[in-house]
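The values are calculated or read from the model by the stated rules, or taken from the named source; none is laboratory data. Remember, it's a predicted structure, so these values are computed and weren't measured experimentally. No Cβ is skipped: glycine too gets one built from the backbone with ideal geometry, and neighbour counts run over all protein chains shown. Surface accessibility is based on the protein's heavy atoms, side chains included, excluding ligands, DNA and RNA. Shrake-Rupley method; radii C 1.70, N 1.55, O 1.52, S 1.80 Å.
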Amino acid sequence: MRRTFVVTDVVHPAGYEDRLRMVLSDLHDGVGPTLAVAVLGLRAARDLLVRDRAGAERLLSRLEEELYGAITELRRIVTDARPPALDEAGLVTAVRRYAGMLADRVPAEHGPLAVTVEVRRELPPLSAAVEVAAYRIIREALVNIARHSGARQCTVRLWPLDGDLRVEIVDDGVGTGGETPPPVVGGTGLRSMRERAVDLGGGCVVEPVSSGGTRIAAWLPLATQE
């Protein structure tokens, strides 16, 4: 006797698609950059082993801590919590720490990358949604700059203006002066940054700088509710 299996349509709860999209975005923008920077750190450690074994061991020790942090962040994403760095230090300090972490991870052929974080005006209290979006956008931008642009200098600026939190990341990397956009302009990275901003009622643009380099600008409404 042949057995018959009936497959019914799966009915997801309200908001399922939005939740799934945000979880995938969190994985890409949160754990993704952390692991990408860890890869850069492993390459740097491999280079250091030849000339500075003690320095390589220190770097590997930091990488171990960061990978444990990535595991913690993954668990928090699954439970819909915000990045641990924001709870520990707040937005500006968390961005500065992440920028400092990139300093010894840039591929040797690109040379050192100096990242400056500027707060042009005192920031008002930020909702959790705005803090998370700003932090994810900045991290995604910085990891793309470190991996692809060959930039030597990068400036991150944050300031309130006309009811928005303004976020600007400017670098002096290559590949932005002509018609072909740099790697950060295409693919999942930019789409993710734009989605985060648009979901809050804001926006995000990427454009070349006349003097060379790339400018990423996002605006996030300060009135966004939790």
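Annotations
- Estimated FRET transfer efficiency when R0 is 35 angstrom, pair V50-T155 (beta carbons, to 0.05): 0.60
- Pairwise FRET efficiency - L74 versus L42, Cβ, R0 = 25 Å, nearest 0.05: 0.85
- Taking every protein chain into account, the 1.4 Å probe leaves S210 with about 130 Å² of accessible area, to the nearest ten.
- Computed log10 I(q)/I(0) for the range 115-171 at 0.14, 0.18, 0.27 Å⁻¹: -0.40, -0.63, -1.13, from the Debye equation with unit scatterers placed on every C-alpha and solvent omitted.
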